[in-house]
Structure formats: C-alpha cells, structure tokens
Amino acid sequence: MEIKAFNRWGTESIKVEDEGLRDYINLSPKIVPKTGARYAGNRFHKSKIFIVERLINKLMISGHKGKKHKTTSGRNTGKALSAYELVEKAFRQIEGKLNKNPVEVFVRALENAAPREEIITIEYGGARYPKAVEVSPQRRIDLALRYMTQGVYQSAFDSKKSSVNALVEEIINAYNSSAQSDAIAKKYELERQADSSR
C-alpha cells in the first residue's frame, strides 16, 4: 500500500531535477507530517525529514524579517495544527488551479527559488569587502523556505489576503519562476549582488 502525503497525494513519480539538491529534498511521504523534532540532536537531520514537513515547521516559526517582529503574531505562533491545515488547504487550491500534484509543484518551486550564490563580508587590512561564495545545498533549501514563508506572512499581514491564498500565490509564482514571488525576487537580488562583488 502506497503512503501518500496528507493521505491524498503520492510522491513516487516526483523526481528532483536539480542534482545538487537531490540528496537534500526527502520525498518519502507521511500521512501526518509531524515528527516532533525527533531528529533535532543529529547532524544534517533536516535533510531526512519529508520536505512538506519542513515547510510546515518553517511556517510555524519563520523568523523575523529585517529586525521587524510584526509577523510573529497571528498564524506564526508555533502551533503545528494551524500550519498543517494551512499547507493542506493551500495544496488543495494549487491542485484545483494547476491540475497537478501540489507536492511536485512545491518541489519545483523550491528548486527554482534556491539561491546558488550569496555574499559574505571579509575584513582585510581594516577594510571590509564583499565576497561572492557558493551556497551549500542544505543552506539553499533553508534559504528558499525562509524567503517563501516570510514572503507569505509579509503579504498576508495587515491585508485582506489570507495566509492560505498568500501561500498558494507564493508557491505558484515560484513554480513559474516569476519575480512576483518573494523567494525568487530575493534569489535574483542575492545572485546579482554576488555577481557584482567578484
């Protein structure tokens, strides 16, 4: 018997096309994606968790954006069931709009949104210089998830748009590599900065 995500969507036919991310996107589904931080003490434990669960975990606590803590209220409270329902509703809407497996759409969106380069600051002789560095595969996924979830809460905060609709728009825009997606826009910005600091 095949186990499906949310007991609804299978993942057997989904292939990760980005070879660098293949080992870091886990597609073994869970009916209820909630491990309860069982692997938290192990190194690289995140990569063994079902990728949809990682999205749910990130939606629970997405972190603050630019020192602004305004998005830490409302849905962003660490409540697992709220985040679980939010993702399930969003996936149902994505399936209705695109007529595709929403887990596959999310995986493609994640691949498109994962930045390949970023900049670090190095200090040399008292002066600071930006230096372009390649991003490790696990960090690429971490950054893509962070930018997605922060973009969702940013667009849903203090507006009539619900978090579910914001998440649907973010995933679909990232799937289409549209700059309307916060994650894609941030990726382009990071890579442009890295390119100019060579």
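Taken together, the values in this text are just the output of simple stated rules run on the coordinates, not laboratory data. What you are looking at is a predicted structure, and each value in this text was computed from that prediction instead of being measured. As a convention, Cβ positions derive from the backbone with ideal geometry for all residues, glycine included, and neighbour counts pool all protein chains shown.
Data overview
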{"item": "Links that overshoot a 24 Å alpha carbon limit, given the list 46/187; 4/89; 58/161; 30/187", "result": "30/187"}
{"item": "Dipole moment magnitude, nearest 20 debye, the chain about Cα centre, only Lys, Arg, Asp, Glu C-beta charged", "result": "680 debye"}
{"item": "Nearest 10 degrees, 0 to 90: helix 137-156 Cα axis against the chain principal axis", "result": "70 degrees"}
{"item": "Rounded, prolate or oblate (a/c below 1.5 giving rounded, otherwise prolate when a/b exceeds b/c) for the range 1-149 by Cα gyration tensor", "result": "prolate"}
{"item": "Full-stretch length increase - residue 100, residue 22 - with 0.36 nm per residue and alpha-carbon distance subtracted", "result": "26.0 nm"}
{"item": "Label-point separation, residue 12 to residue 64 (7 Å along Cα→Cβ), nm", "result": "4.8 nm"}
{"item": "C-alpha long axis of helix 163-175 to longest principal axis of the chain, angle in °", "result": "70 degrees"}
{"item": "Over the chain: helical MRE at 222 nm, DSSP H runs n ≥ 4 each giving -39500 (n - 2.57), nearest 500", "result": "-14500 deg cm²/dmol"}
